[in-house]
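The values are calculated or read from the model by the stated rules, or taken from the named source; none is laboratory data. Not measured: the values here are computed from a predicted model. Here the Cβ is made from the backbone with ideal geometry for all residues, glycine too, and neighbour counts use every protein chain on show. Please note that ligands, DNA and RNA were not included when accessible areas were found on the heavy atoms of the full protein model with its side chains. Shrake-Rupley method; radii C 1.70, N 1.55, O 1.52, S 1.80 Å.
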Amino acid sequence: MQTQLLAKKNELKSGAFRDASMAVCALVAAADGSVDPSERRRTAALITSNEVLRNFDAADLQRRFDAGLDKLAADFDFGKVGLLQDIGKVAKKPTEARAVVQIGIIIGGADGNFDASEKAVVREVCLAAGLSPAEFDL
């Protein structure tokens with residue numbers, strides 16, 4: 001999946017893609033209803049090491065990821081709606097939409113366990129991005 005993302009790296013530079021990518025990272029990190037500090041650090045490390053996301057300033061990505069987590073912590077349901085709206089902004093750009101879903105899958109599986117709550121969140125991300133979850137075996 002990372003190889004597919006790298007092949008499209010030069011097409012993935014829009015602000016909408018950046019925002020949607022950080023939204024999916026926050027949603028997947030909080031998929032089980034909470035974000036412990038180690039999960040936050042692991043996700044942040046993946047964000048900064050992901051080759052495709054290097055199109056953007058790492059500090060800016062970190063700020064956007066943290067803002068997404070803060071929205072979820074303040075009011076999970078309302079925060080989730082807002083983050084899914086951010087993801088919906090890439091729905092008209094299939095390359096960006098697929099890349100956002102792929103980032104969600106990579107983040108979800110980073111600990112070696114892409115669990116049911118993470119898969120459920122990525123299915124919602126697919127729908128928000130205008131894609132079928134079946135395309136990603138979800």
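When you look at residue 77, is it open to solvent by 50 Å² or more (accessible area, probe 1.4 Å), within 18 Å of residue 128 (Cβ to Cβ), without any contact (Cβ under 8 Å) to a residue 12 or more places away in the chain and assigned to a helix (DSSP H, G or I), yes or no? Don't jump to the end; show me each part of the working.
Numbers: open to solvent by 50 Å² or more (accessible area, probe 1.4 Å): yes; within 18 Å of residue 128 (Cβ to Cβ): yes; without any contact (Cβ under 8 Å) to a residue 12 or more places away in the chain: yes; assigned to a helix (DSSP H, G or I): yes.
Yes: the conditions hold for residue 77.
Exactly one of (1) more than 12 Å from residue 20 (Cα to Cα); (2) part of a loop (DSSP other than H, G, I, E, B) is unmet by residue 119. Its number?
The number of the failed condition is (2).
Identify all residues within the stretch 93-116 that are in a loop (DSSP other than H, G, I, E, B) and within 12 Å of residue 17 (Cβ to Cβ); write none if there are none. Let's see the steps before the verdict.
Initially, the stretch 93-116 is screened for residues in a loop (DSSP other than H, G, I, E, B), giving 93, 109-115.
Across the stretch 93-116, the qualifying residue is only 93.
Would you check if residue 10 is open to solvent by 60 Å² or more (accessible area, probe 1.4 Å), within 22 Å of residue 131 (Cβ to Cβ) and among the polar types (S, T, N, Q)? First the steps, then the outcome.
Details: open to solvent by 60 Å² or more (accessible area, probe 1.4 Å): yes; within 22 Å of residue 131 (Cβ to Cβ): yes; among the polar types (S, T, N, Q): yes.
Yes, satisfied.
Does any residue of the stretch 74-91 turn out to be aromatic (Phe, Trp, Tyr) and closer than 24 Å to residue 115 by Cα? Lay out the reasoning, then the answer.
Applying the first criterion (aromatic (Phe, Trp, Tyr)) to the stretch 74-91 yields 76, 78.
Subsequent filtering for residues that are closer than 24 Å to residue 115 by Cα retains 76, 78.
Yes: the stretch 74-91 contains one or more residues that are aromatic (Phe, Trp, Tyr) and closer than 24 Å to residue 115 by Cα.
Go through the stretch 13-52 residue by residue and tally those that are at pLDDT below 90, within 18 Å of residue 122 (Cβ to Cβ) and of a type outside the set (Gly, Ala, Ser).
Qualifying residue count, the stretch 13-52: 9.
So that you can scan it fast, the table gives a plain yes or no per residue for (1) surrounded by 16 or more Cβ atoms within 10 Å (Cβ to Cβ); (2) in contact with a strand residue (DSSP E or B) (Cβ under 9 Å, 6 or more places away or on another chain); (3) among the basic types (Lys, Arg):
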{"position": "31", "(1), (2), (3)": "yes, no, no"}
{"position": "49", "(1), (2), (3)": "no, no, no"}
{"position": "64", "(1), (2), (3)": "yes, no, yes"}
{"position": "69", "(1), (2), (3)": "yes, no, no"}
{"position": "73", "(1), (2), (3)": "no, no, no"}
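Out of 88, 130, report the one residue that is more than 22 Å from residue 34 (Cα to Cα), touching a residue at least 24 places away in the same chain (Cβ under 8 Å), open to solvent by 10 Å² or more (accessible area, probe 1.4 Å) and under 14 Å from the mean Cα position of the chain (by Cα). Spell out how you get there, then give the answer.
Numbers: 130 fails: under 14 Å from the mean Cα position of the chain (by Cα).
Being more than 22 Å from residue 34 (Cα to Cα), touching a residue at least 24 places away in the same chain (Cβ under 8 Å), open to solvent by 10 Å² or more (accessible area, probe 1.4 Å) and under 14 Å from the mean Cα position of the chain (by Cα) holds for just one of 88, 130, which is 88.
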